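Down below is the structure, laid out as structure tokens.
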Amino acid sequence: MTLSAISTTIAEELGKTGLSVYPDFLSNHSVSDVRDDLELIQNSHGFHRAGTGQNEGEEIRNKVRRDDVHWLNRNDSNRAQDILWVKIDSLKQAFNRTLYQGLSSFEGHYASYPSGGFYKRHRDSFKSDDSRQISMVLYLNKDWKSQDAGQLRVYQDNTHTDINPVGGTLVCFMSRESEHEVLTSNAPRQSFTGWFKREQKN
Ligand code: OGA
Ligand code: MN
């Protein structure tokens, strides 16, 4: 399947169920190129502790999430990151074409959870800022095993779906609808996480 056809499949699934899980969205080869880029940035201290968007103190933040992030800047990209931007452009087109989302921008970061890391149940879109429409997570883990845990749990209606953070798997869900959490990971856990946005109407 072409990238455009894959993106359309994902958009249609998202439209029907509010959640799309697509394994092998990125080839093993690309996953390892992107993971190398993440690790190079991390080893040169390019990551910082993630916040919660609510200006909370360190203590509260530690109870909510335990990951480090590095925001990507499209104007300062490299070969590995270009792999991601090509995919993002295709997904954005498919979401606009299929779901009439009027998405205008995207923001995304690498995320790295230490062993013991988690992110408590939350929503990605707030009352004060509802510009985030579609959330995506692309896992970059090498050889994820079930004992590593760290699943993404997405809540919908009265049920939930657990997604294994296997390298190459892409997860998309509606930012304003789905609460979700990252279960405690027993191994370091790496991803590229981002949000397709619409201009805010005030
Ligand atoms: C987030 C998030 C999910 C994941 O960064 O907001 O919910 O599986 N991430 O990493
Ligand atoms: Mn989230």
remark   = Checked region 133-143 for anything buried (at least 19 other Cβ atoms within 10 Å of the Cβ) and either assigned to a loop (DSSP other than H, G, I, E, B) or at pLDDT below 95 (or both); matches are 140, 141
query = Within region 61-73, can one find any residue that is out of contact with any helix residue (DSSP H, G or I) (no Cβ under 7 Å at 6 or more places or on another chain), of a type in the set (Val, Ile, Thr), part of a helix (DSSP H, G or I) and over 25 Å from residue 1 (Cα atoms)?
reply = yes
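For every residue, the table says whether it meets (1) in contact with a strand residue (DSSP E or B) (Cβ under 7 Å, 6 or more places away or on another chain); (2) more than 14 Å from ligand 2 (Cβ to nearest atom); (3) hydrophobic (A, V, I, L, M, F, W, C).
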| residue | (1), (2), (3) |
| --- | --- |
| 42 | yes, yes, no |
| 45 | no, yes, no |
| 58 | no, yes, no |
| 69 | yes, no, yes |
| 73 | no, yes, no |
| 77 | no, yes, no |
| 115 | yes, yes, no |
| 119 | yes, no, no |
| 124 | yes, no, no |
message = I need the full set of residues from region 105-124 which are of a type outside the set (Lys, Arg), exposed (fewer than 13 other Cβ atoms within 10 Å of the Cβ) and in a strand (DSSP E or B), in order please.
response = 105
inquiry  = As an exercise: evaluate residue 67 against (1) under 15 Å from the mean Cα position of the chain (by Cα); (2) of a type in the set (Asp, Glu); (3) at pLDDT 95 or above and give the number of the one condition it does not meet.
reply    = (3)
ask   = Looking only at region 156-183, which residues are among the hydroxyl-bearing types (Ser, Thr, Tyr) and surrounded by 16 or more Cβ atoms within 10 Å (Cβ to Cβ)?
value = 161, 169, 175, 178
ask   = Inside region 181-202, can you point out the residues that are within 13 Å of ligand 1 (Cβ to nearest atom) and farther than 25 Å from residue 93 by Cα?
value = 181, 182, 183, 184, 185, 188, 189, 190
message = Consider region 148-202. How many of its residues are assigned to a strand (DSSP E or B), under 14 Å from residue 135 (Cα atoms) and of a type in the set (Lys, Arg)?
response = 2
query = Given the conditions (1) crowded, with 18+ Cβ neighbours inside 10 Å; (2) part of a helix (DSSP H, G or I), which single one is not true for residue 32?
reply = (1)
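The values are calculated or read from the model by the stated rules, or taken from the named source; none is laboratory data. Worth saying up front: this structure is predicted, and the values here are computed from it rather than measured. Positions of Cβ are backbone-derived with ideal geometry, glycine not excepted, and every protein chain shown enters the neighbour counts.
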